[in-house]
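Have a look at the structure below before the remarks.
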Amino acid sequence: MVADLELVQVRCYEVRARARDGFASADDVEVAEGDPVDMRVLVRHADDRLGVRVRTDIQSKDVEVYVDIAVYYAVPPGAEYPRDVQASFVSSVAIFTVFPFLRETIADVTRRVGVDPHLLRLLRPGDIDINPEFAPDPDQIPQ
């Protein structure tokens, strides 16, 4: 599958950040223990494109951040890939393609709202597990 696909687009759907100071008191904000980063991966293979969209939500004492970025690959006409092969491609290639865009966008937007830039932790193989049985809604990643 890796040999067949070509990256054709990186698209940013949404970027927003808000420093907590000046709004609700940071002491009043409930933040979960541990890593404040929540990532959702959405995958869609339709016709001649494979889209992998990562929605990232960060809730820390200092800042709220939401970043939604997708990468799109051209798929050869008529190519069909089993779900487990797609899942393997997403977890071993596509996630590592989109991650630098996420990291840079999050660091930049947090810096722009006047807090220390939030640096996403290092992503390692196996950190994100893609369920090959996941069947997303066709409208989750627009054509």
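The values are calculated or read from the model by the stated rules, or taken from the named source; none is laboratory data. Remember, predicted model here, so these are calculated numbers, not experimental data. Positions of Cβ are backbone-derived with ideal geometry, glycine not excepted, and every protein chain shown enters the neighbour counts.
How many of the residues in segment 56-105 are charged (D, E, K, R) and without any contact (Cβ under 8 Å) to a residue 40 or more places away in the chain? Result for segment 56-105: 4. Scanning segment 111-143 for residues that are at pLDDT 70 or above and among the acidic types (Asp, Glu) yields ASP116, ASP127. From the set of residues in segment 49-79 that are modelled with pLDDT under 90 and among the charged types (D, E, K, R), which is surrounded by the most Cβ atoms within 10 Å (Cβ to Cβ)? Filtering first and then ranking leaves ASP62. Between VAL10, VAL31, VAL43, the distinction of being modelled with pLDDT under 90 and touching a helix residue (DSSP H, G or I) at 6+ places or on another chain (Cβ under 7 Å) belongs to VAL43 only.
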